[in-house]
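A short worksheet on the structure shown next.
Please treat every number below as a calculation from the coordinates, not as lab data. All values reported here derive from a predicted model rather than from experimental measurement. Cβ coordinates were reconstructed from backbone atoms using ideal geometry, including for glycine residues, and neighbour counts include every protein chain displayed.
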Amino acid sequence: MKKVVLLGDSIRQIGYGTKVPSLLGPGYTVWQPEDNCRFVSYLLRGIFDWSGELEGADIIHWNSGEWDICNLFGDGPFTAENEYVSQCLRVANLLLARAKKVIFATTTPVRQGHPHNDNRLIERYNALIVPQLVSKGVLINDLFAVVKEDIDGNIRADDQIHLTEKGIALCAEATVRAIHHAGQDL
């Protein structure tokens, strides 16, 4: 039995994380916090609180970014680029020390006109962190690319950021593929 841990913000919590456990099939158990992991720094702090649940994990899949790039006040993202990268690398190091395989899911796009999140900034943050995570041996689940194929069909119109049922299904399927791929070597 392979132990999988899912960590991440509401894109996981009310999105793909609702479907992944049932889609993985036999041979996998899944733990994920009920808590929204929010910012990468919040997720970093949570690793301490969830240390017991992380113990013995074969695969840890995580996402972070929507809260980090959010610009509520018009003065820039909550998390500066260099801080985002350094905190993601800290998270990666801690997760790599706790699991045989670690997967990072790229930050998903938002609908055009979202008042606080911008796809160009999301792409920039993804581009900054992905190569550095890959160089550490972290696998990448490119949920940005999955959702970008049909943003209006995959992202809810009411809040312009969370996944529709279609988006949830597509991201859950991509996450299951990434987990199965990671699990082949275990």
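Between the alpha-carbon centers of region 93-138 and region 147-161, tell me the distance in whole angstrom. For region 93-138 versus region 147-161, the Cα centre distance is 18 Å.
Would you please classify the overall shape of region 77-186 from the alpha carbon gyration tensor, given that a ≥ b ≥ c denote the square roots of the eigenvalues, rounded means a/c under 1.5, and beyond that prolate means a/b larger than b/c while oblate covers the rest? Oblate, because a/c is 1.5 or more while a/b does not exceed b/c. Taking amide H atoms as placed 1.01 Å from N in the peptide plane, the amide H of Val30 lies under 5 Å from those of Val4, each 5 or more residues away in sequence or on another chain. Partners of Lys166 within straight-line reach, counting lysines whose Cα lies under 19 Å from its Cα and excluding those fewer than 8 residues away in the same chain: Lys19, Lys148. Each Lys or Arg adds one and each Asp or Glu takes one away; over the other residues whose Cβ falls under 9 Å from the Cβ of Ile69, this sums to -2. In straight-distance terms, cross-link reach from Lys136 covers every one of the lysines whose alpha-carbon lies under 21 Å from its own, apart from those fewer than eight places away in the same chain; here that gives Lys100, Lys101.
Taking the C-alpha atoms only, the angle from helix 119-135 to the longest principal axis of the chain is near 30 degrees. Sparsely packed loop sites in region 13-95 (the chymotrypsin sites (Phe, Trp or Tyr not before Pro) outside DSSP H, G, I, E and B with at most 11 other Cβ atoms within 10 Å) comprise Phe73.
Under 16 Å of direct C-alpha separation, and excluding same-chain neighbours fewer than eight residues apart, Lys3 reaches these aspartates and glutamates: Glu53, Glu55, Asp58, Asp185.
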